[in-house]
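Q: Pasting a structure here, questions to come.
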Amino acid sequence: MSIQDYKVELEELLGTVVKEGASDLHLSDGRQPMLRINGSLIPLIKKSVLKKEDTDAFLSVLVPSEKKKRFLETKELDFSYSFEDSARFRGNAFFQQGKVSIALRLITKKIPTLAELHLPEILSDFTRKKQGFFLLVGPVGQGKSTTLASMLNLINEERAEHIITIEDPIEYQYEPKKSIIDQREVGLDTNDFYSALISVLREDVNVLLVGEMRNPETMAAAVTAAETGHLVFSTLHTNNAAQTIDRIIDSFPSTQQDQIRIQLAASLIGVFSQRLIPRISGGRVPAFELLISNSAVANLIREKRVHEINTVIETSSEQGMIDMNRCLADLVRSGEISIENAYRYAFNPKMLERLI
């Protein structure tokens, strides 16, 4: 087939992703194309098994020649791809056994609201802060990017601010409303997250989204930005609030940990952890934990008692904090999720047992 034929085939596959409500498309040598729908992988049985030349040609359609050249040198590549007017895809290409594989995640053009995502209204409180450090955490594929996009878009709708995002690659594209929004892609608009963060402090920014904190230098720069009067949002692949705080502190050499601990205690405003859980009626529904940093939490961070934060969350619902186990128990009682899935996603199954 010609490259044009492969483009037509790829567009058909991407259209199937959108039509079937899938979250991901996998293209690998030796397998049929596969969709991930509601967390499960499903092969497209009417499609032929892909060969090495097929995945290689699909990548040529997805990325320009200079990016493909870089991929062949580095063996991994993050990229994005616009599909018609309805969606974008975040992609990653990689080698396995010497052959190209591609994973594509659907990013809808319309940014959903917090209500449409079935997320707590209290998240909007964090979008109205003037400064501070807010983290959204959880494993890959649990909706972190979409939640952050919803929160940023709320700022865009409500206030005239200068918002800068640093992403790898750019995922949701924002339409400026009340705010100015500048989106910078690592590798295209800046060399790396750290360089962009150092530069951003001279760009008259109010709100900053750091797509991912990959090293201590980036973490330190993000925390400093929050300390110096900016509202900073970012993500980490951690399970809950306490683990997130420990992960940040432990990323630094021991000689720097006391300093970052003090900075984090002063700048952190909240940590939101979410999971997407199979719904009994079909689809997925979020379960979540919310830590709201107050003087008690700040003291625990400074005094190296982060492990006690779980107890603070469990006993502070009147302040707006949300305990994951209580959230799971509520979803079970309302008939949204099964007891089996509640236990599967619980941070503390024994505690959940007492709540159900």
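Q: Within 13 Å, Cβ to Cβ, of Ile269, how many net charges do the neighbouring residues add up to if Lys/Arg are +1 and Asp/Glu are -1?
A: Residues close to Ile269 contribute a combined charge of +1.
Q: Cα atoms only: what Rg and Dmax, in Å, come out for the range 123-322?
A: For the range 123-322, the Cα-based Rg and Dmax read 16.4, 52 Å.
Q: Hey, which of these cross-link pairs are over 31 Å Cα-Cα: Lys19/Lys177; Lys144/Lys178; Lys47/Lys67; Lys178/Lys304?
A: Checking Cα-Cα distances, Lys178/Lys304 exceed 31 Å.
Q: Below 10 angstrom from the Cβ of Asn348, what's the summed charge of the other residues (Lys, Arg +1; Asp, Glu -1)? Intermediate results must be reported in sequence, preceding the final value.
A: Working: positive: Lys350, Arg354; negative: Glu314, Asp323, Glu353.
Combined, the nearby Lys, Arg, Asp and Glu give -1.
Q: Please report, largest first and rounded to whole Å, the three semi-axes of the ellipsoid equivalent to the chain, where each semi-axis is the square root of five times an eigenvalue of the C-alpha gyration tensor.
A: Computed over the chain, the values are 35, 26, 19 Å.
Q: While we're on this one: What percent do you get for the relative contact order of the chain when only Cα pairs under 8 Å and 6+ apart count?
A: With pairs under 8 Å counted, the relative contact order is 12 percent.
Q: Please state, to two decimals, what the Cα-based radius of gyration of the range 278-326 comes to when divided by 2.2 N^0.38 Å (N = residues).
A: Ratio of Rg to 2.2 N^0.38 Å for the range 278-326: 1.44.
Q: So if I average 1/r over every pair of distinct C-alpha atoms in the range 3-108 and take the inverse, what Kirkwood radius in Å does that give?
A: Hydrodynamic radius (Kirkwood, Cα pairs) of the range 3-108 is 13.8 Å.
Q: Can I ask one more? Would you compute, from DSSP H runs of 4+ residues alone, the mean residue ellipticity of the chain at 222 nm, taking -39500 (n - 2.57) per run and dividing by the full residue count, rounded to the nearest 500?
A: Details: 14 runs with 141 residues, N = 356.
That comes out to -11500 deg cm²/dmol.
Q: How much net charge surrounds Val63 when only the other residues with a Cβ under 11 Å from the Cβ of Val63 are counted, with Lys and Arg +1 and Asp and Glu -1?
A: +2
Q: So what is log10(I(q)/I(0)) for the range 126-213 at q = 0.11 1/Å, when the Debye sum runs over its Cα atoms only?
A: Evaluating at q = 0.11 Å⁻¹ gives log10 I(q)/I(0) of -0.28.
Q: Which translational diffusion coefficient, to the nearest whole µm²/s, is obtained for the range 221-321 from the Stokes-Einstein equation, given a Kirkwood hydrodynamic radius over C-alpha pairs, 4 °C and 1.567 mPa s?
A: Approximately 88 µm²/s, per Stokes-Einstein.
Q: How large is the translational diffusion coefficient of the range 174-287 in µm² per second when you combine the Kirkwood radius over alpha carbon pairs with Stokes-Einstein at 37 °C and 0.692 mPa s? Mind dumping the intermediate values first?
A: Working: Rh = 15.9 Å.
Stokes-Einstein gives a translational diffusion coefficient of 207 µm²/s.
Q: If you average the alpha carbon positions of the range 260-311 and of the range 172-239, how far apart do those two centres end up, in angstrom?
A: That distance is 21 Å.
Q: Considering only DSSP states other than H, G, I, E and B, which GluC sites (Glu not before Pro) in the range 15-101 qualify as loop sites with at most 11 other Cβ atoms within 10 Å? Display every interim value, and only then the final one.
A: Numbers: sites: Glu20, Glu53, Glu66, Glu73, Glu76, Glu84; in loops: Glu84.
Passing both the DSSP loop test and the Cβ count: Glu84.
Q: Given the peptides 345-351, 324-330, arrange them by the average over their residues of other C-beta atoms within 10 Å, most packed first.
A: Ranked by mean Cβ neighbours within 10 Å, highest first: 324-330, 345-351.
Q: What percent does the relative contact order of the range 3-108 come to when contacts are Cα pairs within less than 8 Å and at least six residues apart?
A: Value for the range 3-108: 26 percent.
Q: May I pose another question? Using the Karplus equation 6.51 cos²θ - 1.76 cosθ + 1.60 (θ = phi - 60°), what ³J(HN,Hα) coupling, rounded to whole Hz, does each residue of the range 165-174 give in order, writing x for Gly and Pro?
A: Each residue's phi maps through the Karplus curve to give 10, 10, 9, 8, x, 5, 9, 6, 9, 9 Hz.
Q: Here's another thing I want to ask about it. Of the options Ala115, Gln319, Leu104, report the single residue whose Cα projects farthest towards the positive end of the charge dipole of the chain (beta-carbon charges: Lys, Arg +1; Asp, Glu -1).
A: Leu104
Q: Just report the Cα centroid separation between the range 15-66 and the range 341-356, whole Å.
A: One Cα centre to the other: 36 Å.
Bear in mind these aren't lab numbers, they're just calculated from the coordinates by the rules spelled out. Only a predicted model underlies this, so the values are computations on that prediction, with no experimental measurement involved. Glycine gets a Cβ as well: all are built from the backbone with ideal geometry, and neighbour counts include every protein chain shown.
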